Every structure is written in C-alpha cells, then in structure tokens.
Amino acid sequence: MKAKSARRIRWALYFYDILVYIIICALGLFVYPGLRENLMTSLINMAVCAVCFTVTRLLLMVYEQILRYAAAGYYLRLIIADVAACAVSLLFSLVPGAVAPLTVVSLLAANLIACIAMRLLYQKIYQNRNKNSKIEKTARYLLKVFTGVSFEYDENKDSKTNIAIIGAGEVGTMLAKELTNNPGSEYDPVCFVDSDKIKIDRLINGIPVIAPSADLKNRLNAFSVSEVVIAVANITKDRRLELYNKYKDLGYKVKTYDYPVLDDGESGMRRIRDIDMENLLFRERRHFIDSSVKSFYAGKNVMITGGGGSIGSELARQVASCGPARLTILDVYENGAYDIQQELRIRYGDKLDMRVEIASVCDADHINKLFREHTPDIVIHAAAHKHVPLMERNVLEAVKNNVFGTLNVVKACETYGVKRFIMVSTDKAVNPTNVMGATKRMCEMIVQSRSGATTSFSATRFGNVLGSNGSVVPLFKRQIAKGGPITLTDRRITRYFMTIREASQLVLTSGAMAKNGELYVLDMGEPVKIADLAESMVRLSGLTPYKDIDIIEIGLRPGEKLYEELLIKTEELDKTDNDLIFVERDKPLSSDVISQKLDILKNALESESNRVVKDALKQVVPTYHDPEEVNDVHVR
C-alpha cells in the first residue's frame, strides 16, 4: 500500500509539472504571435521539449525526492535536468522551419521557474501546516485536493514551547529547520538572537533575527518566548556562562543545542538538552585519545582492576572504544561491575570480548589465577579504597588493600609477562596528610622501584574528578535540591577538578607513552575554591546564596588538607608531547629499600592496631604529616 501511495504521489507531481508546462506553452502562444503563424510546428517543438525534460528529470530521479524535505541539492539536480533538456531541445530547433532557439530557451526557462516556485510553495505550506489562519486552512485544503495528501491541523501545536535560538549561524539555522520540519517537536522556534549586523532584522527560513539590544526582554516577550536555546558552534566555557547568566537573569529557562559527549568519547547527534552545571563551572571538555593512543590499546588484552568504580568504569568505556582483543573488568564490588558489563554489552554486543571477574586484589592466589587465565597485555590498576575520612578509621584495610593489593597486582604482572602496568594515583599522595594519600604515595614508590625487565610500569596522578563517587558537586546538587543547607568543611579549602572522561583519557594517553618508572602528573588547571563553587551552584540553580540556600561550615574532616598539591618537586617536572601531561622524575628507591618499607608495614599489620599501622606509614612515607602541621603552615 505504501509503495502504491508513493507511486501515486510521484505521478501526481509529474502530472502537475506537465500541467504547468501546458499553461506556459499556452501563454507563449498568446504572447508570441510568431508561434501561432506556424502552429503545427510550434506544437511539435513544444512536445519535443516536454519529452526532453521528462526524460532528463526521470534520469536524474527528480520525482523520487520527498518534496517536503527537498534541499538545495534537489533543486540543483532539477536545474541540471532542465538545462540538459534545453540543450537537447536546441538541437531539434536547428531543423529548418522549427521554432526559434530563443523561444525554446524561454519556454523551458519559464517552465523551470514555475516548477521550482510550485515546489517551494508546497514546502512553505507544509512548514506552516500547524498555523490555523484562514490562509493556512485554504492552503491545506488545496493541498488535499491537488495531491490527495491530508495535512490536518495539529491541535497540540498550542502546547508547544516558543523558543528563541541564540545564534543565527549554521548550527542555529540547522536547529530551526529541524524543529520546523518535525511535527512531533515540542519546540516552536519563533526568533533568532544574533549580533551579526548583516542578519539583524532579516528572515532566516521565515524566522526573524533580532539583535541582543537593551530592549531584548521586551522583544522576546513580543514573540511569547518561554525558553532560549544556545546554538553556537565551538562556544567557549566563558561565553556559554555569559549567555547562561544573561538569559537566566532575564527570566528564561536556558538550554543548549550541542553534541552530547558519549561515554566512549564520541559524539552523538546534536540535541536540545539542559546545560550541565559542570559545563558552566569548569573548563571545556576535550578529547585526548587520538589514533596513536587507540592503536596502542587496539588488539590487546586489557585488564582493569577496580573496573566497576567511577574511574574504572570510565576507563573501561574508553578502552572498549579502542577495539581491544579482550577487556577484563575486575572488581570486588559486584554491582558496579555488573552495571558496566550491561552497558558495554548493549553498546558493543558480540563485537567486544569482555570478561567480568569478581575478586579482591588482596587475594594474591586469586589474582594469580586470573592472570594465568586471561593473560593480559596491559593492566590498568584503579582498585583502591579512596574515601579519606573512612580510611582514617580503617587504617589496616587501607594498607592491606591499597599497598599490598597493589603489590599483588604488580608481582602478578611481572610473573605472567604483562607488557604495561598503569596505576591510577591521586594528588593526595603529594605531601599526604591522611592515610589514603600516604598509601597511594607508597604505591607510587613501589611502581617507581620496579626494574621493568618484563613489564613497563608507570603511575598517573590527578586531582578530584567531577561526578565520581563521593564528589562534592553531586553532594551540593543533592543539598540544593533538598533546600539546603550546603555543608562546607572549611571556606578556605581549594581543590583541583577534572571530568571523569578527561581524567580517564589522559590516564590512557600517559600509559601509552610510558617507558618505565614514570610518575605522570596531569595539568588540572587552576584550583577551585569550594566556597565559591557552592555559591556559583546556588546561583546557577536560580537561587540566592545565604538567602534561599544557606552555606555553613562544619569543620575539616579527619585527614583533610586545606590545599591539595599536584607536584612533589616542581623543578624536576618534564614536558611531554601532550600539553596536559607532565613527568615528575622523582628518584626511585631501590627494591631493597622498598622491601624494608613493606616489611615495616607488614609487621605493623600484625598488631591489628590502627595507631601502630599509622605510625608505620609515617615511617615509610617521610612526606606524610598530620593535617594540622600542613594546614597551620598554609594559614600562617
């Protein structure tokens, strides 16, 4: 039935083209007396022209196009078809006694103009089918009479949201066209806002362009605008924030039309979506995995410990996008591992050879068994206890899991010939003031001390990641949603921030460039004052800090530092080919010294005393100090 309907519509269009041509020819006979003097010859030539443009249009599939979606390419094809028909017709006009060539060109040119006008009129009526004025009603009736296609008035039109599109460039016009041609869209673009003087007070696809002038609010109100959508290509964070604040202050809900960044780093189709708070507060998202990094992981057996965590699962997504021979996700927490397993199965299906193992890195025998079974080429070690206050109360578990768990994985890598070991570290390992940071610093020293005879070892250090488990941004969002208050440990506290995706990609990039024993440090940008962050988040929620949402101090948590650091000795910082990755060449300790430190920790664990193990950590990690010492120095 659909095929018959399509054929009917195509032949209807052909019929109307012939009808238009007959009208043009009749007008020609009326206007040019010379055509009437030799009527039979004129009619024969006119018939030849009709055959010519019919054949060329059929050859170029002019009647296959769905007219409502016809673009410039279609009209160019129609013009080419008629120019070709004109060239052939001119050959026949050279026959003695035929119609003059100029007359043939005039007839076909007039016919082409009329056919294009008919198609454009059809498109315009279709685009305005949801308007219910007398003109549109009449147009819809005529369309039904002449095409047999019914364009009923959409009563849901009145429920659509009137939007102003910020940006009348390529992206903005693409959005307007998409919404206009989509009857199911919930948005109706009623105007553009653009500062380009050439575009101001003109129309784009029938939609007016207005200037961001002083009376902008009144002009938008005149169009009954409810929301604004930012549709600007390659917009910077500062410009996005400026536009957001401007239109938010005018009382409009602000959205964006851009590419959502998918978990594998690729971009999906542009769509209208709410603006993420992270997009406004932090630096622009960047993509770091290039062809050379992808080729490093492609075709390799990759194992990720802690692969069900927030960082580990993002690493799994990024590795999966590189086309590994096998991806093994290892985690002691089954829920996280299950979630990422299902996500990757849905996305890649049988294209990805994926294994999920539930195991603790503290279980050396189980780890060795898994390494024998999966024979990984690359191991990314993200398994760790990371919550600072919890580790202050569970020192033994922090050392067992973070230090000796890492040691188990390192030894397994050496035993089973793993080519590359990449450890995820943290800025809290720099001059640590807490158990978690001290254990991670000890792990860094272990990694740096390995000889690398079989396995190449490296560690990558970065700061806080947005959206990870326990991150401050989701916490503040929840507190704002509940009406406050927002709780700060200290108004002076600052932290470095990076998106999970950005951090994960840089970890993979640094791992691909590693030789052996490097301690990579990621450029986290400028530190953010948490009090300023809290106030900004309240404002971006349309509320007033300390009025609608209170912000209170609750005191530093155990082991918490006022100011995080990323480097131990900045004078020994080396650049890499990536402008966001640096190498700190801290002199590695010998394997004998590391063994002595591990023995101290092992003996302390036998005491089963948090106090004894903490003292042992201070002994083996000389830069580990109580937070009071470090914070007092900063205060002074």
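The values are calculated or read from the model by the stated rules, or taken from the named source; none is laboratory data. Computed from a predicted structure; not experimentally measured. Here the Cβ is made from the backbone with ideal geometry for all residues, glycine too, and neighbour counts use every protein chain on show.
At-a-glance table
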read-out: Subset of the range 345-367 (residues that are of a type in the set (A, V, I, L, M, F, W, C) and either under 21 Å from V418 (Cβ atoms) or modelled with pLDDT of 95 or more (or both)); value: L352, M354, V356, I358, A359, V361, C362, A364, I367
read-out: From the options T433, T460, T439, residue that is modelled with pLDDT of 85 or more, within 23 Å of T576 (Cβ to Cβ) and touching a helix residue (DSSP H, G or I) at 6+ places or on another chain (Cβ under 7 Å); value: T460
read-out: R77 being touching a residue at least 12 places away in the same chain (Cβ under 8 Å), charged (D, E, K, R), within 18 Å of V104 (Cα to Cα) and part of a helix (DSSP H, G or I); value: no
read-out: From V361, V395, V388, residue being assigned by TED's automatic domain parsing to the domain that holds Y416 and more than 16 Å from V435 (Cβ to Cβ); value: V361
read-out: Strands (runs of 3 or more DSSP E) fully within the range 216-307 counting 1 or more residues that are in contact with a Cys (Cβ under 9 Å, 6 or more places away or on another chain), under 30 Å from V409 (Cα atoms) and at pLDDT 80 or above; value: 301-305
read-out: Test: residue in the range 315-325 that is at pLDDT 95 or above and either over 28 Å from R461 (Cβ atoms) or surrounded by fewer than 15 Cβ atoms within 10 Å (Cβ to Cβ) (or both); value: yes
read-out: Single unsatisfied condition, P189 versus (1) in a strand (DSSP E or B); (2) farther than 21 Å from A71 by Cβ; value: (2)
read-out: Residue in the range 576-599 that is modelled with pLDDT of 90 or more and β-branched (V, I, T) present; value: yes
read-out: Residue count for the range 496-530, restricted to those that are surrounded by fewer than 18 Cβ atoms within 10 Å (Cβ to Cβ) and part of a strand (DSSP E or B); value: 1
read-out: Near pairs, Cβ below 8 angstrom, 6+ apart or cross-chain, from the range 343-357 (loosely packed, with under 15 Cβ neighbours inside 10 Å) to any residue that is not β-branched (V, I, T); value: R345/L352; R345/M354; D353/P324; D353/A325; D353/R326; D353/L327
read-out: Residue in the range 85-93 that is at pLDDT below 75, among the small types (G, A, S) and over 51 Å from the mean Cα position of the chain (by Cα) present; value: yes
read-out: Looking only at the range 149-171, and only at residues there that are among the β-branched types (V, I, T) and in contact with a helix residue (DSSP H, G or I) (Cβ under 7 Å, 6 or more places away or on another chain), the one that is modelled with the lowest pLDDT; value: V149
read-out: Top-ranked residue of the range 1-40 - restricted to ones that are out of contact with any Cys (no Cβ under 7 Å at 6 or more places or on another chain) and under 20 Å from A87 (Cβ atoms), ranked as modelled with the lowest pLDDT; value: G28
